[in-house]
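Worksheet: one structure, shown below.
The values are calculated or read from the model by the stated rules, or taken from the named source; none is laboratory data. Quick caveat: nothing in here was measured; it's all calculated off a predicted structure. Calculation scope for accessible area: heavy atoms of the full protein, side chains included, ligands and nucleic acids excluded. Shrake-Rupley method; radii C 1.70, N 1.55, O 1.52, S 1.80 Å.
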Amino acid sequence: ACTMACDVLSMKVDQGKLLPSVLIGSLGEGCIVPLLRLILAIAQNGQHELRGELLRTGAIVCVSDMMQQSLQAGDRYTFSTSIAIIRLCGPCLSIGDSGTITSLQNAIRTLSAVLSISEQGGSINQQQTNTLASLKLESLLALEALSNNVSLHNSISSDALPALGMLLKREKGQMQSSDGESESMICSALKTIQRIASSNAELVVRSGIA
């Protein structure tokens with residue numbers, strides 16, 4: 001039954017593929033969150049090649065758009081779910097899928113924008129600060145995963161490196177030995193930078209991060 005249901009969602013219909021069509025709400029807004037959960041469950045629990053198949057359905061194009069829209073709308077659940085899907089499926093990108101590449105590049109810009117948000121300011125309370133820190137860690141882990149795909153290195157270099165540099169400077173001054181979240185953020189940022197440096201060390205040096 002599960003296989004048949006997934007086959008139906010990924011099959012081609014006259015107007016295109018059903019999976020991305022459901023995500024844009026053609027079958028009703030109530031279908032979107034359950035479908036996001038299904039995609040995430042397949043990506044988390046399925047075999048590695050299934051993540052590539054999910055990319056080939058074109059669903060990631062809609063997921064990337066939803067991630068940006070949910071950030072603007074303050075929809076934490078949809079934003080975090082979208083980040084998790086992109087983190088798991090994005091590294092499976094194959095060269096030649098221009099639509100998916102563009103969507104992942106847009107996702108990288110959105111993730112970089114999250115890292116650039118300042119926690120300082122009189123209008124932000126402690127709960128909002130904690131939420132923002134969690135979102136930044138999720139964004140960092142997604143960028144770290146995407147950096148495994150060399151075809152995304154140029155986009156990460158141009159959009160994420162400045163944000164990563166700012167984050168490292170900020171976290172370096174605030175990190176305490178007992179602050180596990182700050183340590184996780186720094187380690188994730190450094191892993192991403194290390195992978196970018198392996199293909200474009202000059203750009204990393206010019207960014208001032210070194």
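Start at zero, step by 10 Å, and the Cα-Cα distances of segment 34-144 spread as 14, 47, 28, 9, 2 percent across the bins.
Helix 59-73 axis versus longest C-alpha principal axis of the chain: approximately 50°, rounded to the nearest ten. Of the residues 70, 158, the one with the largest accessible area comes first in the ranking 158, 70, computed with a 1.4 Å probe on protein heavy atoms. Ranked from largest to smallest solvent-accessible area, with a 1.4 Å probe on the protein heavy atoms, 17, 169, 136 come out as 169, 17, 136.
Largest to smallest in accessible area, the residues 66, 4 fall in the order 4, 66 (1.4 Å probe, all protein chains included). For helix 32-45, what angle does its Cα long axis make with the longest principal axis of the chain, in degrees from 0 to 90 and rounded to 10? Approximately 70 degrees, to the nearest ten.
Once the Cα atoms of helix 98-116 and of the chain are each reduced to a long axis, what angle between those two axes, in degrees from 0 to 90 to the nearest 10, is obtained? So the inclination is approximately 40 degrees. Once every Cα of the chain carries one equal point scatterer and solvent is ignored, give the base-10 log of I(q)/I(0) from the Debye formula at q = 0.09 Å⁻¹, two decimals. Treating every Cα as an identical point scatterer, log10 I(q)/I(0) equals -0.37. Note on residue 7: accessible area approximately 90 square angstrom, rounded to 10, probe 1.4 Å, nucleic acids and ligands left out. When the chain is treated as a GNM with alpha-carbon contacts under 10 Å, the residue of 199, 82, 64 showing the greatest mean-square fluctuation is 199.
Total Lys pairs in the chain closer than 20 Å by alpha-carbon, pairs eight or more apart in sequence or interchain only?
Values: 136/169; 136/172; 136/191; 169/191; 172/191.
Lysine pairs, 8 or more places apart or on different chains, close enough: 5.
Remark: relative contact order (the chain) = 16 percent; criterion is Cα-Cα distance under 8 angstrom and separation of 6 or more residues.
The accessible area of residue 171, taken with all protein chains in place and a 1.4 Å probe, comes to roughly 10 Å². Comparing 35, 115, 55 in a Gaussian network model of the chain where C-alpha atoms under 10 Å apart are linked, the largest mean-square fluctuation is found at 35.
Comparing 143, 104, 38, which has the greatest mean-square fluctuation in the GNM of the chain with Cα pairs linked when under 10 Å apart? Highest fluctuation among the options: 38.
Each residue of segment 142-155 is assigned a 3J(HN,Hα), and the resulting list reads 5, 4, 4, 5, 5, 5, 5, 9, 4, 5, 9, 5, 4, 5 Hz, derived from the Karplus form 6.51 cos²θ - 1.76 cosθ + 1.60 (θ = phi - 60°), x at Gly and Pro. Helix-only arithmetic for the chain: the sum of -39500 (n - 2.57) across DSSP H runs with n ≥ 4, divided by the residue total, places the mean residue ellipticity at 222 nm at -23000 deg cm²/dmol.
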